[in-house]
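Here is the structure we will look at.
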Amino acid sequence: MDSPKFQRRKEDFICEHCGAEVQGDGFTNHCPTCLWSKHVDIHPGDRAESCQGLMAPIAVQPYKDSYRIQFRCQECSTERWNKATPQDDFDVLLEIARKQAEQRE
């Protein structure tokens with residue numbers, strides 16, 4: 001069975017975690033200010049997820065020439081990875097990495 005094709009959706013939104021106004025580019029899946037996301041997709045871009053829970057950024061790791069962020073849904077506990085973007089607040093990425101390291105100690 002073929003996996004569903006990515007559906008690009010250029011959508012602006014107001015972050016439900018920090019209230020920042022976010023201008024989407026069709027690939028935007030999280031707030032660049034606080035790095036929180038929303039559980040809206042089953043497959044990227046389909047907007048078919050009924051959960052609609054907020055997804056907390058819980059981990060950061062190097063990925064190719066950048067980083068990726070792991071999110072955990074606060075409603076259903078689903079976890080997903082997504083690429084960090086150049087617009088993301090790097091201090092927030094570092095804070096997530098610091099908390100992640102403390103949990104391993």
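The values are calculated or read from the model by the stated rules, or taken from the named source; none is laboratory data. This is a predicted model, so every value here is computed, not measured. Heads up, the Cβs are rebuilt from the backbone with ideal geometry, glycines too, and the neighbour counts pull from every protein chain shown. Surface areas here come from the heavy atoms of the whole protein model, side chains and all, with no ligands, DNA or RNA. Shrake-Rupley method; radii C 1.70, N 1.55, O 1.52, S 1.80 Å.
Here ASP88 passes the criteria (1) in a strand (DSSP E or B); (2) at pLDDT 95 or above except the one numbered (1). In segment 1-50, the residue that is most open to solvent (accessible area, probe 1.4 Å) out of those that are of a type in the set (Gly, Ala, Ser), under 22 Å from ILE96 (Cα atoms) and part of a loop (DSSP other than H, G, I, E, B) is GLY19.
Just for segment 55-75: of the residues that are part of a loop (DSSP other than H, G, I, E, B) and surrounded by fewer than 14 Cβ atoms within 10 Å (Cβ to Cβ), which one is modelled with the highest pLDDT? Out of the qualifying residues, it is GLU75.
When residues in segment 76-97 are screened for being open to solvent by 100 Å² or more (accessible area, probe 1.4 Å) and either closer than 21 Å to VAL40 by Cβ or among the basic types (Lys, Arg) (or both), 2 of them pass.
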